[in-house]
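The block underneath contains the structure these notes are about, expressed in structure tokens.
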Amino acid sequence: MQLSLQRWFGSGAFRQLVETICRPLMKLPSRSSAVIFSVLFLLGGALISTRLLDSNAFSGSAREPEPGKALTASRITLPDKIPKKHLEIPLDCTALNRTGTCPSNYPRAIEEEEPGPRSTCPEYFRWIHEDLRAWAHTGITREAVETAKRTANFRLVIVNGKAYVERYQKSFQTRDVFTLWGILQLLRRYPGKVPDLELMFDCVDWPVVGKSGGYGENGPNTTGPPPLFRYCGDDRTLDIVFPDWSFWGWPEINLKPWEGLQKELREGNTKKRWMEREAYAYWKGNPAVAETRMDLMKCNVSEEHDWNARVFAQVRFLDWVKESQQGYKQSDLANQCLHRYKIYIEGSAWSVSQKYIMACDSLTLIVKPHYYDFFTRSLVPVHHYWPIQEHDKCKSIKFAVDWGNSHKHKAQEIGKAASSFIQDELKMDYVYDYMLHLLTQYSKLLTFKPVVPKGAVELCSESMACNAAGLENKFMMESLVKGPSERAPCTIPPPYDPPSLSAVLRRNSNSIKQVELWEKRYWDNQNNSSRLRGIGCYTIYRGD
């Protein structure tokens, strides 16, 4: 019946019937004819929805006409909805080479296309307020910014959506290059949303702006604490923490941009189930950069002890030369999720390795850290990681691994919570949103109008990527933001009030103390057992 109806609706008889009905309707008053046409329209829609009328005749899925047959009126198609095309703006290297200046084809602002309520940013965004609290009541003066120049690698100025940089000293490797590249991608992602600002950026590891008023080697300052951006901070300093360069790539060690590497790590997790992994704690890195890492090397397996640790030294220069010659096969992070436990230990300060270690589903053993980056202050002991004592590492690692092998389900649960945090709450979407909110809140504190210094040069994605070569160019192209975001940035959560912040810090401290108590009981029992065995041997020797 459906087929015969379809043939009839497509026939000349049906068209003649429509003309017979519609011709008298045209002579009726406009209101009456409108009502009848509406009824006919609804009737047609009902027939289509019940499949009595072939809906293909009105959609874009109509079959091609058979060879030799003309396309009839019933096969004329119109799209239901023209989709909005995602705006992509490629690099314009030709314009850069022709004029020697940054192209002007990128929009300075764009309307948000995502309606409705915005998502709330992850919890670690609340620390933005804490990092800027030192200037909340006084604001940031130009004198304070100029004071931060003492140790800065560069000054960044953003005016009317354009970025300008004044360089003071080259950073180690390409830290400054990929930090600036990341800021340019932020401008491409959110045109018109990054406010005018001036800031000083220090690419060295160690924070230097003391809470007591000291700064660098020049002693106390008289203009208030200088606002200085860098990659990490600690409890004694006021440096403003910003996402590190490795999110956009680290060419010197072939560390890929985070967005692609994050997917590889997720896939690498599936290669070996947790229960099938080596039941030891694994670490590989350069021990020469810090005494605490040299101390960790003592925890390796030996003829006298097996501390359940397998640690390997990778001396930076010689080993990385060898790695580059072999195509970095031994340092492929996605293929290193082979142990149930992985160790994170700081180097000369914080280390970029933390996010890669925690992405493995393995239970992360964190040797007591002294530094934090922009997201790590939201990590909860015994929920995201297992705390390791700094001054008794080997015994602490041995206990952690023995505990995990005796509580496999709980150990897997902690490892999974960490990798879920890294995958879900540390996506590049959130990295860019963190940058946007931090710079927005910072700019609100400026008590002066940002201006472009005489020695500054305009930066754009073209001026950096078009002239780059090798892995620098490759990683820039891989991490290039193709065009403005269709998604609005997440909403920053409110700052901690004093009781809430105290509760967070107290919870973390209590969790660490609980683990230390378990560890003490474990070793007390081990020592008591050894003492009893010794007494037994002594008794047998005496013949008592």
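The values are calculated or read from the model by the stated rules, or taken from the named source; none is laboratory data. Computed from a predicted model, the values in this text were never measured in an experiment. When we count neighbours, we look across all protein chains shown, and the Cβ atoms used for this are built from the backbone with ideal geometry, even at glycine. Protein only, heavy atoms only, side chains kept; ligands, DNA and RNA dropped before computing areas. Shrake-Rupley method; radii C 1.70, N 1.55, O 1.52, S 1.80 Å.
What the table below lists for this structure:
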| item | result |
| --- | --- |
| For Asp392, residues with placed amide H under 5 Å, excluding near neighbours | none |
| Heavy-atom accessible area per residue - the stretch 350-470, 1.4 Å, Å² | 35 Å² |
| Potential extension, Glu252-Glu304 segment - 0.36 nm per residue separation minus Cα distance | 14.9 nm |
| Mean accessible surface per residue for the stretch 120-163, computed with a 1.4 Å probe while every protein chain stays in place, in Å² | 38 Å² |
| Alpha-carbon centroid distance for the pair the stretch 90-159 / the stretch 298-315, whole angstrom | 45 Å |
| Cα-Cα separations in the stretch 417-473 greater than 19 Å, expressed as whole percent | 64 percent |
| Cα gyration tensor shape for the stretch 184-287, rounded if a/c is under 1.5, else prolate or oblate | oblate |
| For Leu505, solvent-accessible area (1.4 Å; no DNA, RNA or ligand), Å² | 100 Å² |
| Solvent-accessible heavy-atom area per residue, rounded to whole Å², over the stretch 199-311 at 1.4 Å | 45 Å² |
| Percent accessible area from carbon and sulfur atoms, the stretch 337-403, protein chains only, probe 1.4 Å | 51 percent |
| Highest-first arrangement of 170-176, 506-512, where packing means the average Cβ count within 10 Å | 170-176, 506-512 |
| Estimated vicinal HN-Hα couplings, Hz - the stretch 440-454 in sequence order (Karplus 6.51, -1.76, 1.60; Gly, Pro = x) | 5, 5, 5, 5, 5, 8, 5, 9, 9, 8, x, 9, 7, x, 4 |
| Sites Asn405 and Val289, calculated FRET efficiency, Cβ-Cβ separation with R0 30 Å, nearest 0.05 | 0.45 |
| Phi-based couplings in Hz for the stretch 168-182 (Karplus 6.51, -1.76, 1.60; Gly and Pro marked x) | 10, 8, 6, 7, 5, 6, 10, 4, 5, 4, 7, 5, 5, 4, x |
| Surface share of carbon and sulfur [accessible, 1.4 angstrom probe, percent] for the stretch 448-527 | 57 percent |
| Estimated FRET transfer efficiency when R0 is 56 angstrom, pair Tyr522-Arg118 (beta carbons, to 0.05) | 0.75 |
